[in-house]
Amino acid sequence: MTRIIPPGGIIGIIGSGQLGRMTALAAATAGYRTHIFSPHPESPAAQVSNHITVAEYTDKQALQRFAEAVDVVTFEFENIPDSSVHFLEKFTLVRPGWKVLHIAQNRLREKGFCKEIGGPVTQFAPVRDEASLREGFRNIGRKKLVLKTAEMGYDGKGQAIVESEAAALEAWEKFGRAECILEEFVPFVKEISVIVARGMDGKTEIFPIGENTHVHGVLDTSIVPASIAPATERKAKEVALKMAEELHIVGLLAVEFFVLADGGVMFNEIAPRPHNSGHWTMDGCVTSQFEQFVRAVCGLPLGSVARKANIRMKNLLGSDVEHWREILNDPNAKLHLYGKREARAGRKMGHVNYVE
Ligand code: AMP
């Protein structure tokens, strides 16, 4: 559908975390209002939005009222039931649509999709029972594998490195025998991510690539520009663009890759929304990923993704946030805090963009 939502319109956002917060702030800058839908009455996004619906993601009545109160619906996270998204689409414009959410919600579908479009993907196998786990282990034929829950896993949660069938079985039991993916452990030298924006008219912009470092499965730092070979950059951008186009995304698609020792890339996962590894754009790019997201979702032309500076983005997890004063002593440190009251260990409390 080619509908433009002009400034003054209301953007409905499903989810209420920091991504919703930063989207709402960018929306306000562009003259839009936002309406958050989330089960949590207090949230980073609600603090900076105009309206909030507090309800479960399966509450059809609340979803309908929400859809009727906004001009377009988008998502700041993808783990909401498919049926709720279908339901929303009956009443309003949903960007990006149902299909990409369906794929991004499940690691088997994600890797299956990558394979289908001829993208570079590790060997993987579905685990649905003991027999498929054993079969997968045998078929992949490597010693070191990773077992991950197919759904609801993020930031390294629900995954285990397993070096024997017995260890894989034990991990699978620990995951409550949930549907899993068993995949090759990739001996990567770097991790990178590519964020593609695609507008209502099919035009695309690809943000400069960031190099990501994870600690305990959680993003710690993104450095831009990534120090990768031009061929690596070309390949990663080509695959990410193909994915965004095949999925007819209207919005953003973040694609994570592993970089191999020979410069090749291996797909890891997608997210159809702003991404933690794109936070550097807030202070390092002509158009931030959040502004770009708002532009795409509202059917406006996309902005320039030219990089203005070298940036090191550092996540502030848990008690890191207590160092805010020290951080601000560096005049080139741009501090972004998410307004979360409780600094639980590992919780994303904010980030700093060091403009270098
Ligand atoms: P994910 O939730 O899939 O993004 O995984 C979180 C992090 O775990 C990744 O960013 C990697 O650092 C690591 N990881 C995930 N899958 C693999 C793999 N197949 N091989 C090696 N490391 C992995």
Worksheet item: Among the candidates Thr92, Thr23, which residue alone is under 22 Å from the mean Cα position of the chain (by Cα) and among the β-branched types (Val, Ile, Thr)?
Response: Thr23
Item to complete: Output the residues belonging to the stretch 123-176 that are within 16 Å of the ligand (Cβ to nearest atom), touching a Lys or Arg at 6+ places or on another chain (Cβ under 8 Å) and either basic (Lys, Arg) or assigned to a helix (DSSP H, G or I) (or both).
Response: Lys148
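Residues checked against (1) small (Gly, Ala, Ser); (2) open to solvent by 40 Å² or more (accessible area, probe 1.4 Å); (3) not assigned by TED's automatic domain parsing to the domain that holds Leu88:
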| position | (1), (2), (3) |
| --- | --- |
| Arg107 | no, no, yes |
| Ala131 | yes, yes, yes |
| Gly136 | yes, no, yes |
| Gly141 | yes, yes, yes |
| Ser164 | yes, yes, yes |
| Gly176 | yes, yes, yes |
| Val194 | no, no, yes |
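The rows are residues; the columns are (1) open to solvent by less than 40 Å² (accessible area, probe 1.4 Å); (2) charged (D, E, K, R).
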| position | (1), (2) |
| --- | --- |
| Asn315 | yes, no |
| Gly318 | yes, no |
| Pro331 | no, no |
| Lys334 | no, yes |
| Gly339 | yes, no |
| Arg344 | no, yes |
| Lys348 | yes, yes |
| Val352 | yes, no |
Discussion item. Based on this model, can you work out whether Ala46 counts as buried (at least 24 other Cβ atoms within 10 Å of the Cβ) and either touching a strand residue (DSSP E or B) at 6+ places or on another chain (Cβ under 9 Å) or in the same structural domain as Pro301 (by TED's automatic domain parsing) (or both)?
Written reply: no
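For (1) within 16 Å of the chain's Cα centre (by Cα); (2) more than 15 Å from the ligand (Cβ to nearest atom); (3) surrounded by fewer than 20 Cβ atoms within 10 Å (Cβ to Cβ), each residue gets a yes or a no:
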{"position": "Lys203", "(1), (2), (3)": "no, yes, yes"}
{"position": "Arg234", "(1), (2), (3)": "no, yes, yes"}
{"position": "Lys242", "(1), (2), (3)": "no, yes, yes"}
{"position": "Glu245", "(1), (2), (3)": "no, yes, yes"}
{"position": "Phe258", "(1), (2), (3)": "yes, no, yes"}
{"position": "Val265", "(1), (2), (3)": "no, no, no"}
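The values are calculated or read from the model by the stated rules, or taken from the named source; none is laboratory data. Just so you know, these numbers come straight off a predicted model, no measurement behind them. Because the Cβ atoms are built from the backbone with ideal geometry, glycine has one as well, and the counts that use them run over all protein chains shown. Only protein heavy atoms, including side chains, enter the accessible area calculation; ligands, DNA and RNA are left aside. Shrake-Rupley method; radii C 1.70, N 1.55, O 1.52, S 1.80 Å.
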